[in-house]
């Protein structure tokens, strides 16, 4: 395994870009959740506008991460950022809360894939859900422990496949239903739209995962900053284009879809494209799991000074064991875990953003604009915390 682990300054830019797109959630994964629970049912008529404004709003967190990268470009990621700004103790709290969030995410995401995406899309797999719930994490763990670089290659291939398939889906629906530019105009109450924008911005939160490879990528901080900005912007444009496809349906129809991308593909093209969308979307969601696993190994190394190899082995055991235990009641795993996972996620991110002004104070610099961006980013995470606790969004 030691030969397979991506080391300092050895990760090619192209593979890092593929990792970044996959970490965001992947274009097709986001299409599967662009519905009433993601943006709010009242904002569906303006889904294109909401997506674009949400991406712009998320520019505040991206900007703060980029400011941090100028001072620290290591595989410690958010933990390292917090450490240079607020000290080791606060960083340990931030890192610990972050780890809770993503370890839970590893377990319940696979359950979600098997029971909510694969089985409904391919009914023949329903009787094999238990086996899949164990087999999928075992395969991912084997790849991550034995051939980590290969997993980066697969993530890059998946990112390209997602982008290409999403463009095909968009074109097919444009041909069948026309272009509905009204989705890029405001409709309804401004408060509802604002909440939809904030909800949509939160869909990009996992784009922080590439920060945990800033020390490994060729080009370091410069590559990390450019890729982070480019990947968020690129995915935002792709899913905004897909909004044309989704807006071909009335908002009342869209609100009933549990898997919008697949349903729209079947409606306007047929089962072949629908099945392709389902398969690649599932790969997209599993790609997030792979990205999270890799990030966890890096932050574990930074926090506890345990070799990446050892951290990976520990996390692998927790990951597989968690999914095996979830077989007891898989239908409740997602519902029981998503609230604590998202709560921990937004708290950990809020600590990072709230700590940034402390770094400026340490440096003796006054940059009101940067402080304002940190305040906006912190506020967005606090909004996410409120949503996670009160609404339990599909994220």
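The values are calculated or read from the model by the stated rules, or taken from the named source; none is laboratory data. These figures come from a predicted structure and were not determined experimentally. Cβ atoms come from the backbone with ideal geometry, glycine included; neighbour counts cover every protein chain shown.
When each of 338, 389 is tested for being touching a residue at least 40 places away in the same chain (Cβ under 8 Å), out of contact with any strand residue (DSSP E or B) (no Cβ under 8 Å at 6 or more places or on another chain), loosely packed, with under 15 Cβ neighbours inside 10 Å and at negative phi, the lone residue that passes is 389.
Restricting the first member to segment 349-375 and to residues that are on the phi < 0 side of the Ramachandran plot and at pLDDT 95 or above, and the second to residues that are surrounded by fewer than 16 Cβ atoms within 10 Å (Cβ to Cβ) and not in a helix (DSSP H, G or I), the beta-carbon pairs closer than 8 Å and six or more apart or on different chains are 359/71; 360/366; 360/367.
May I ask you to verify whether residue 224 is touching a residue at least 60 places away in the same chain (Cβ under 8 Å), closer than 23 Å to residue 274 by Cα and part of a helix (DSSP H, G or I)? Spelling it out, it is not the case that residue 224 is touching a residue at least 60 places away in the same chain (Cβ under 8 Å), closer than 23 Å to residue 274 by Cα and part of a helix (DSSP H, G or I). Of note, residue 333 does not satisfy the criterion of being touching a helix residue (DSSP H, G or I) at 6+ places or on another chain (Cβ under 6 Å) and surrounded by fewer than 21 Cβ atoms within 10 Å (Cβ to Cβ). From the list 316, 281, 291, the one residue that fits, being modelled with pLDDT under 90, closer than 23 Å to residue 114 by Cβ and buried (at least 19 other Cβ atoms within 10 Å of the Cβ), is 281.
In the set 97, 103, 93, 113, only one residue is out of contact with any strand residue (DSSP E or B) (no Cβ under 6 Å at 6 or more places or on another chain), at pLDDT below 95 and farther than 18 Å from residue 222 by Cα; that residue is 113. For segment 84-127, a tally of residues being in contact with a helix residue (DSSP H, G or I) (Cβ under 8 Å, 6 or more places away or on another chain) and not in a helix (DSSP H, G or I) returns 1. All of 215, 143, 130, 188 fail the test of being under 30 Å from residue 309 (Cα atoms) and not in a helix (DSSP H, G or I), apart from 215.
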